[in-house]
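To start, the structure itself, in C-alpha cells.
The values are calculated or read from the model by the stated rules, or taken from the named source; none is laboratory data. As the structure is a prediction and not an experimental result, all values here were calculated from the model. Using ideal geometry, Cβ is built from the backbone for each residue, glycine included, and neighbour counts are taken over all protein chains shown. Surface areas here come from the heavy atoms of the whole protein model, side chains and all, with no ligands, DNA or RNA. Shrake-Rupley method; radii C 1.70, N 1.55, O 1.52, S 1.80 Å.
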Amino acid sequence: MIDIHPHTRVIVVIITMNGCGACEEYKPIFAEVATRYQQAPGLHIIDLDAEDPDPEIQAWMTKHGVDGVPALLVMQRNELG
C-alpha cells in the first residue's frame, strides 16, 4: 500500500477529506508540521484522503479505528500493517 523507507521508525498518518470544515481548518497546521519534520531521520509522514476508493486504504483505516476526520495517527513502523 505505502512505500516506507526501511530505516523509518515513526510514521505519522494524516487523514482528511474534501468538504470537511474541521479538515480545512487543520490542513495548514498538518502541512506546517509535515514541512518542518519532512527531513527528520526515521520519520515518515503520510497524507491520506478518507474518501479514497482504494479498498486497501479503506480496510487499513477500518483496521486502525479511523471513524472520523480529521484524524492524526502516530505509530511505530511495525504497527503500520
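Looking at the chain, the accessible area is 66 square angstrom per residue; that uses a 1.4 Å probe and ignores ligands, DNA and RNA. Summing +1 for each Lys or Arg and -1 for each Asp or Glu among the other residues whose beta-carbon sits under 13 angstrom from that of V10 gives +1.
Ligands, DNA and RNA left out, the 1.4 Å accessible surface of the chain is 53% carbon and sulfur atoms. Per-residue ellipticity at 222 nm computed for the chain from its helices equals -10000 deg cm²/dmol, with DSSP H segments shorter than 4 residues left out and the rest contributing -39,500 (n - 2.57).
Build a GNM of the chain with springs between Cα atoms under 10 Å apart, and of V12, V66, V33 the one that fluctuates most is V33. All Cα-Cα distances of the chain, cut into 5 Å bins from zero to the largest, leave 3, 14, 27, 24, 21, 10, 1, 0 percent in each bin in turn.
When the chain is treated as a Gaussian network with alpha carbon springs shorter than 10 Å, the biggest mean-square fluctuation among P55, P28, P70 belongs to P55. Using C-alpha pairs below 8 Å separated by at least 6 residues, the relative contact order for the chain is 50 percent.
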